[in-house]
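The values are calculated or read from the model by the stated rules, or taken from the named source; none is laboratory data. Computed from a prediction, not measured in an experiment: that's the story for all the values here. A quick note on method: Cβ atoms are made from the backbone with ideal geometry, for glycine too, and the neighbour counts reach across all protein chains shown.
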Amino acid sequence: MNRLIVILGVALLTGCAGPTKSGKIARVNAHNRMDIVNANLAAQQAMQQFEVGQLKAAIETIDAAIARFDSNAAYHLLRGRILLEQHRLDAADKAFNRSIELDPTIAEPHYFLGILHQRWSDDASALASYKKAMECNVTHPQFLLAAAESHVALGELEEAIVLLETSGKEFQHQPSVTALLGHIHLRNGNPKEAAQFLSNSRLLGNDDDEVLTLLSSAQFNAGEYAECLATLAQLEQSVELSYTFQRLRGKCLAATGRKIQGRDICLKVTRQTPDDAGAWVDLGYIAWDMGDYNRVALCGKKISQLSSELKEGPLFEGIAALRLGDIINGEKFLSIAQSYNTIAGLDSLLQMYAKSAKFRAETPITPNMTANSAEGEVEQQSHGQAERSQPIVSVTQDSPLVP
């Protein structure tokens with residue numbers, strides 16, 4: 001009997017000794033699993049709050065998730081994105097770097113870190129981050145585009161072109177990639193290549209109006225005036241043309257032989273935007289080409305009043321004065337225009353007028369254009385006269401002729 005009592009006592013003592021070591025580990029693991037489950041639920045809720053713009057609630061929710069489970073890189077990534085939207089850049093920087101520390105193979109933290117560096121105007125660091133994102137995920141076009149745009153921001157246009165043109169085949173038929181190539185070529189002074197890439201982007205399904213505006217500018221600069229008119233017609237189907245692109249249409253019409261229509265459009269724009277010197281520049285060149293020297297003189301005067309730094313002011317006034325027989329004022333204005341060092345042919349023009357008094361006396365006063373349709377009157381200038389009255393000097397391409 002005593003022996004039985006002893007055995008029972010030992011059994012009772014053993015049962016009261018608490019959980020074993022393996023039992024404790026199992027309990028901890030169970031708690032950890034519950035923390036991860038609850039943290040995942042909180043992170044999902046935080047993402048939903050973030051997507052609908054509830055940033056304050058989202059940051060509180062994701063902080064609760066991180067408090068439960070700190071080792072998930074995706075949680076810190078989401079936290080960084082929320083902080084970035086709240087313009088709390090230093091805190092966002094820490095969150096993105098913590099995400100990268102936990103899992104450097106995820107592309108998104110590198111990408112958003114690049115965006116943050118751009119906010120800080122640190123394009124070199126942004127470029128490095130975008131290229132890290134590209135290394136982590138070679139199939140996402142946004143990382144490629146961001147890297148190329150960073151090259152552009154750094155003034156490295158050729159590097160941006162090489163990066164885009166040597167990218168994988170999967171990117172070559174991305175409309176956004178060809179559109180960016182077109183934009184860069186346009187900035188790099190290659191309008192013909194720009195027009196080709198932008199046209200390809202349209203063919204690939206890019207229906208963004210911005211692509212049409214860039215395409216029309218590229219076509220105009222490439223001398224593709226008929227194509228530019230067609231592009232402007234497409235653009236006009238979705239948006240009202242700005243005054244800049246109305247002027248572009250007027251110049252294209254003039255360049256394709258429809259000078260009266262082009263002049264009328266540019267004349268209308270000068271009335272709608274009388275303080276825009278560029279509008280008077282456009283009208284002045286068309287009027288000069290048509291032999292309407294009274295209007296050329298008016299444009300020159302307006303340009304000089306609005307933007308004295310533009311060479312077209314004294315150029316137009318000088319050309320008009322010479323053509324109208326006022327040699328003294330013509331030479332004076334053209335001498336002023338000559339000081340800009342951007343107008344070819346003025347030296348020979350001035351020498352021609354200075355050396356030959358006989359030529360001065362015999363210089364015809366070309367009749368001015370009569371009323372135009374934009375003014376509600378009848379156009380009477382003959383095509384032959386317009387062709388006889390061509391500009392007698394050329395202007396370099398740095399004049400504000402295009403948007």
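Collect the residues in region 210-230 that are in a helix (DSSP H, G or I) and closer than 19 Å to Ile184 by Cβ, keeping them in residue-number order.
Once the filter is applied, which keeps residues that are in a helix (DSSP H, G or I) and closer than 19 Å to Ile184 by Cβ, region 210-230 yields Glu210, Val211, Leu212, Thr213, Leu214, Leu215, Ser216, Ser217, Ala218, Gln219, Phe220, Asn221.
If the Cβ limit is 6 Å and pairs must be 6+ apart or interchain, which residue in region 92-109 that is in a helix (DSSP H, G or I) and surrounded by 15 or more Cβ atoms within 10 Å (Cβ to Cβ) pairs with which residue that is at pLDDT below 95 and among the polar types (S, T, N, Q)?
If the second residue must be at pLDDT below 95 and among the polar types (S, T, N, Q), the pairs left are Ala107/Asn137.
Take Phe197 and tell me if it is farther than 29 Å from Phe245 by Cβ and hydrophobic (A, V, I, L, M, F, W, C).
Spelling it out, it is not the case that Phe197 is farther than 29 Å from Phe245 by Cβ and hydrophobic (A, V, I, L, M, F, W, C).
Would you please list the contacts, defined by Cβ atoms under 8 Å and residues six or more apart or on different chains, that run from a residue in region 202-219 that is touching a residue at least 24 places away in the same chain (Cβ under 8 Å) to a residue that is of a type in the set (Phe, Trp, Tyr)?
Taking only residues 6 or more apart or on different chains, the pairs are Thr213/Phe245; Ser216/Phe245; Gln219/Tyr225.
List every residue pair whose Cβ atoms lie under 6 Å apart, where the two residues are 6 or more positions apart in sequence or sit on different chains, the first residue falls within region 181-198 and is over 15 Å from Thr213 (Cβ atoms), and the second residue, located anywhere, is outside any helix (DSSP H, G or I).
Every condition considered, the pairs that remain are Lys192/Ala222.
How many residues are over 16 Å from Ala255 (Cα atoms) and small (Gly, Ala, Ser) if we restrict to region 185-235?
Of the residues in region 185-235, 7 are over 16 Å from Ala255 (Cα atoms) and small (Gly, Ala, Ser).
Each row is one residue, and each column tells you yes or no for (1) of a type in the set (Val, Ile, Thr); (2) surrounded by fewer than 21 Cβ atoms within 10 Å (Cβ to Cβ).
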residue: Glu165; (1), (2): no, yes
residue: Thr178; (1), (2): yes, no
residue: Asn190; (1), (2): no, yes
residue: Ala194; (1), (2): no, no
residue: Phe197; (1), (2): no, no
residue: Leu204; (1), (2): no, yes
